[in-house]
Amino acid sequence: MRGYCDFYEVAPSDDELLALSRALIADPEREGVQLLARDQARGVGFATIYWSWATTSAERIGVMNDLFVATEARGSGLAESLIQACRAECAARGAGKLTWQTAPDNAAAIKVYDRVGATREQWVDYWLAA
């Protein structure tokens, strides 16, 4: 997770990242799940799914909030494998769809998403500090 945060130039503490992982491990039905990809004993990628609801389709959904593949593992098909694993996790836990977002200029990610057959949406994101 540290490599992911470094990539996006954000700096949550290691303790905050550990607390997040512990929350996911403690209650995966309620909070979400984190899928890890390893090469031997070394982590080379991960994806995080949070559970939510879609009023417009009246179903539980999985929101893939994170998808990260280490530089040395890119181009290996790992991103596609993680997405398919997330999709399977959603199906196993009763979620009707897997959704996510990416930056409009993230051409490499968009190519991966197109390859797995994902449908591109036309929504505009907003946020406010709580």
Spelling it out for ALA70: with amide H atoms placed in the peptide plane at 1.01 Å from N, the residues 5 or more places away or on another chain with amide H under 5 Å from its amide H are GLY45
Computed ³J(HN,Hα) along the range 117-130: with the Karplus parameters 6.51/-1.76/1.60, θ = phi - 60°, integer Hz and x for glycine or proline, the list is x, 5, 8, 7, 9, 10, 8, 10, 8, 9, 7, 9, 5, 7
Mean separation of Cα contacts under 8 Å (at least 6 apart) over the residue count of the range 1-102, i.e. the relative contact order in percent, is 21 percent
With DSSP loop assignment and no more than 12 other C-beta atoms within 10 Å, the chymotrypsin sites (Phe, Trp or Tyr not before Pro) in the range 49-130 are TRP123, TYR126, TRP127
At the level of C-alpha centres, the distance separating the range 78-95 and the range 1-54, in angstrom, is 15 Å
Here the gain from full extension of THR56 to ARG42, 0.36 nm per residue of separation minus their alpha-carbon distance, amounts to 1.0 nm
For the range 34-44, in residue order, the Karplus 3J(HN,Hα) values (coefficients 6.51, -1.76, 1.60; θ = phi - 60°; whole Hz; Gly and Pro = x) are 10, 9, 10, 10, 10, 10, 6, 9, 9, x, 10
Once amide hydrogens are built 1.01 Å from N within the peptide plane, the residues lying 5 or more places from ASP39 or on another chain with amide H under 5 Å from its amide H are VAL44
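Read the figures in this text as sums done on the coordinates, not as results from a lab. Quick caveat, the model's predicted, so the values are computed rather than measured. So basically every Cβ, Gly included, is an ideal-geometry build from the backbone, and we count neighbours across all protein chains shown.
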